[in-house]
1. Quick one: putting +1 on the C-beta of Lys and Arg, -1 on the C-beta of Asp and Glu, what dipole do you get for the chain around its Cα centre, in Debye to the nearest 20?
2. With the cut-off at 20 Å, tell me which of the pairs 287/319; 337/378; 158/193 have Cα atoms farther apart than that.
3. Report in % the part of the accessible area of the chain that belongs to carbon and sulfur, leaving out ligands and nucleic acids; probe 1.4 Å.
4. Measure nothing but the geometry: give the 0 to 90° angle between the long axis through the Cα atoms of 7-23 and the longest principal axis through the Cα atoms of the chain, rounded to 10°.
5. In sequence order, what are the phi-derived ³J(HN,Hα) couplings for the range 177-185 according to the Karplus relation 6.51 cos²θ - 1.76 cosθ + 1.60 with θ = phi - 60°, rounded to whole Hz, with x for glycine and proline?
6. Any chance you could give the angle, 0 to 90 degrees and rounded to 10, that helix 54-84 forms with the longest Cα principal axis of the chain?
7. Using modelled amide H (1.01 Å from N, peptide plane; none on Pro or chain starts), what sits under 5 Å from the amide H of residue 183, excluding residues fewer than 5 places away?
8. Excluding ligands, DNA and RNA, what is the solvent-accessible area per residue of the range 239-281 at a probe of 1.4 Å, expressed in Å²?
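The values are calculated or read from the model by the stated rules, or taken from the named source; none is laboratory data. Predicted model, so just to flag it, every value in this text is computed and none were measured. Methodologically, a virtual Cβ is constructed for each residue, glycine included, from the backbone with ideal geometry; neighbour enumeration extends over all protein chains shown. The protein model used for the area step is the full one, side chains on, heavy atoms only, and it has no ligands, DNA or RNA in it. Shrake-Rupley method; radii C 1.70, N 1.55, O 1.52, S 1.80 Å.
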Amino acid sequence: MSTILTDRQAEELNKAIVAYLGVINAPNTIVALRQEANIPASFDDATRKKYEGLLEKKWTSVVRLQKKVLELEQRNQSLQNELDSTTPTSLLRRNQDPTSWLPRAPARHTLQSHRQPITCVAFHPIFSSLASGSEDTTIKIWDWELGELERTVKGHTKGVLDVDFGGPRGGTLLASCSSDLTIKLWDPSDDYKNIRTLPGHDHSVSSIRFVPSGAAGSPSSGNLLVSASRDKTLRVWDVTTGYCVKTIRGHGDWVRDVAPSFDGRWLLSAGNDQTARLWDANSGEAKCTFLGHEHFIECVAIAPPVSYSSLASLAGLKKPPPLSSSAEFMATGSRDKTIKLWDGRGTLIKTLVGHDNWVRGLVFHPGGKYLLSVGDDKTIRCWDLTQEGRCVKTVEDAHGHFVSCIRWAPNVVKDVAVNGETNGTAVNGVAKKKEEGASKAGIRCVIATGSVDLNVRIFAS
């Protein structure tokens with residue numbers, strides 16, 4: 001008799017085994033088991049029927065519970081890692097402090113409708129709308145708060161490679177670019193009607209961003225748009241006329257990504273020539289070239305002024321640059337699996353190692369303390385700039401396949417510009433405490449990611 005089971009449990013188990021052997025039609029084994037386990041004759045065929053399926057059910061439930069235990073152990077481990085890398089103060093403040101909020105699994109919404117991999121996402125600056133672009137040639141507009149599809153925007157004839165909201169003050173537009181060589185402008189206030197198509201690039205247009213004007217009072221608005229292309233150029237467009245006002249040449253290969261500074265003075269671009277370059281947006285002259293990556297650079301990000309204090313100490317500076325100054329620090333992510341942090345003169349400050357595959361997207365936390373990255377290892381990683389760039393959090397399996405893009409919801413628009421990317425202009429000469437309070441008040445703890453698994457995911461507090 002088993003030492004683990006009571007006599008009653010052992011008897012029940014033996015009966016269940018006999019019932020199972022009856023189901024799989026093994027009469028000889030049943031006879032042997034009945035003799036050796038002393039199963040009484042009262043356990044006849046009619047009684048046996050009641051036990052059929054019992055063993056299988058128990059077995060599957062055990063397997064299911066084992067899987068659940070494994071998942072809980074992994075979650076426990078990730079929470080333990082998170083605990084190990086936090087300080088007591090950050091632990092106390094995390095719950096109520098948006099500057100310390102980081103994404104965690106599971107996602108609040110998983111948005112499904114695209115039929116091919118998702119390449120890009122972008123938040124509307126005011127409303128709870130999110131645009132996603134895909135290799136299926138469509139753009140989809142979602143309500144990220146409700147997790148619902150609002151509409152599908154069609155017009156491109158090949159994959160959509162990037163999307164961005166912006167444009168003149170009071171007249172927000174959606175811009176998209178595609179492998180069909182065109183850039184299209186859509187009007188969200190008129191059912192996303194295609195109001196303009198900008199031809200001019202000689203190859204796929206990989207990235208697009210509205211360029212902030214830097215004007216006081218409305219720093220995030222502007223008529224200019226910058227695009228990066230596989231034809232090795234950047235082009236600057238006037239969205240009100242549709243004309244290309246500048247072509248910037250200098251890259252030796254496909255330009256994969258471009259990002260403007262918060263005041264629109266500088267453009268940072270990078271691509272297959274394994275360099276990143278900082279350009280003067282007015283003259284088109286190259287200010288600086290960033291050398292160090294050992295493979296194609298997939299993504300770039302310019303640090304917002306709110307992160308200067310963290311990055312300055314990382315760079316060994318005695319005091320951070322003024323908040324009104326732009327393009328002081330930047331980040332690049334590459335297929336060499338690393339992220340590099342640079343200063344505005346092209347000096348490498350730090351290499352962040354942790355991703356197990358290509359790094360595909362970067363975004364600075366609007367609180368200024370963290371840099372977030374996504375990659376083909378299916379993770380979101382959070383790097384703490386106040387802790388020497390340590391990876392303090394990893395969202396494992398953020399998606400079921402390569403994660404191709406990440407965007408942070410823009411800050412809540414107040415009368416005074418408090419956006420993490422614009423507070424440099426808003427707080428010129430204002431005490432730092434005030435600036436921190438303002439930026440904290442406006443931060444939205446919402447992130448969108450897109451993936452080759454055809455899903456857009458919303459991570460929110």
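1. Numbers: 56 positive and 51 negative charges, 137 e Å.
In total the dipole reaches around 660 debye.
2. Numbers: 287/319 23 Å; 337/378 13 Å; 158/193 18 Å.
Beyond 20 Å between Cα atoms: 287/319.
3. Numbers: 10840 of 21550 Å².
The computed percentage sits at 50.
4. Computed tilt is about 80 degrees.
5. 9, 8, 5, 7, 6, 10, 10, 10, 10
6. 40 degrees
7. Under 5 Å from the amide H of residue 183 lie the amide H atoms of 198, each far enough along the sequence or on another chain.
8. Values: 1480 Å² over 43 residues.
In whole numbers, the range 239-281 has 34 Å² accessible per residue.
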